[in-house]
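The values are calculated or read from the model by the stated rules, or taken from the named source; none is laboratory data. No experiment lies behind these values; they were computed from the predicted model shown. Virtual Cβ from ideal backbone geometry, glycine too; neighbours counted across all protein chains shown.
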Amino acid sequence: RTDGSTSFTDFTDNAATGTNRGLELSMIWQASQAFQVAASFGHLVAQFDDYTNVDGLDLAGRDQPHAPSWQYRINIAWQISQALSASLEGTGRDSFYLSDRHSVQSPEADLLNANITWNRAAWSVSLWGRNLTDELTVTRGFGTFGNDPRKDYALEPYYQFGEPRTLGATVSYQFGG
């Protein structure tokens, strides 16, 4: 800002032109009645062809924000018995720009999730964990944002983070049929 203020101003802009193309593959392999593997992979090319942003930066050829060039998911499910099942899931994505107003990027991320579920008649009990490796993931961010009074609201990157390692249990009861 030319006036040096740090107040937030909302601004919406449209790129002149951009290109988005990609490919997504998915598969399910039923190895046996009790064991299944599902996987998906996505590849994305999302770039500005012609775009000068509000700050005068020429972004032609740069990747568009929130458009990782690849993402994947692998899920392994095991029906241990009629009442007991378990699954292990891995997900991941490439780094991506958080905005067209700055060059701050969310780093590449890989997450591991798992659950085990016991079913009995209408009852179900699941023990689950998400982000089991406790990876720090960036989901949103601003390149320069004065948000910390301890630093006299100095302009610095500001991030919102994804869920940390989370463990839990879910108990369900199905009424009726």
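Of note:
- Checking every residue in region 126-134 against the condition of being farther than 22 Å from SER40 by Cα, modelled with pLDDT of 95 or more and under 15 Å from the mean Cα position of the chain (by Cα) gives at least one match.
- Taking region 95-117 as the range and being within 13 Å of the chain's Cα centre (by Cα), farther than 13 Å from PRO65 by Cα and assigned to a strand (DSSP E or B) as the test, the residues that pass are ALA109, ASP110, LEU111, LEU112.
- Some residue of region 98-107 being in contact with a Phe, Trp or Tyr (Cβ under 8 Å, 6 or more places away or on another chain), of a type in the set (S, T, N, Q) and under 26 Å from LEU167 (Cβ atoms): yes
- Considering residues of region 21-56 that are outside any strand (DSSP E or B) and either touching a residue at least 24 places away in the same chain (Cβ under 8 Å) or of a type in the set (D, E, K, R) (or both) only, the residue nearest to ILE116 (Cα to Cα): ALA34
- Among residues of region 155-177 that are closer than 17 Å to ALA121 by Cβ and without any contact (Cβ under 8 Å) to a residue 12 or more places away in the chain, none has a Cβ under 6 angstrom from a residue that is surrounded by fewer than 12 Cβ atoms within 10 Å (Cβ to Cβ) and not polar (S, T, N, Q) at a sequence gap of 6+ or on a separate chain.
- Inter-residue pairs, beta-carbon under 8 Å, first closer than 18 Å to GLN47 by Cα and in region 96-121, second of a type in the set (Asp, Glu) and surrounded by fewer than 17 Cβ atoms within 10 Å (Cβ to Cβ), 6+ apart: ASP100/ASP13; ARG101/ASP55
- Matching residues in region 57-70 - criterion: being over 14 Å from THR17 (Cα atoms) and part of a strand (DSSP E or B): TRP70
- Out of THR52, THR17, sole residue that is at pLDDT below 95, surrounded by fewer than 12 Cβ atoms within 10 Å (Cβ to Cβ) and hydroxyl-bearing (Ser, Thr, Tyr): THR17
- Candidate set: region 135-151, residues that are modelled with pLDDT of 90 or more and assigned to a loop (DSSP other than H, G, I, E, B); chosen: the one nearest to the chain's Cα centre (by Cα): THR137
- When the residues of region 132-177 are filtered to those that are closer than 24 Å to SER99 by Cβ and polar (S, T, N, Q), the one that is surrounded by the most Cβ atoms within 10 Å (Cβ to Cβ) is THR137.
- The number of residues in region 75-87 being surrounded by 16 or more Cβ atoms within 10 Å (Cβ to Cβ) and over 16 Å from TRP128 (Cα atoms) comes to 0.
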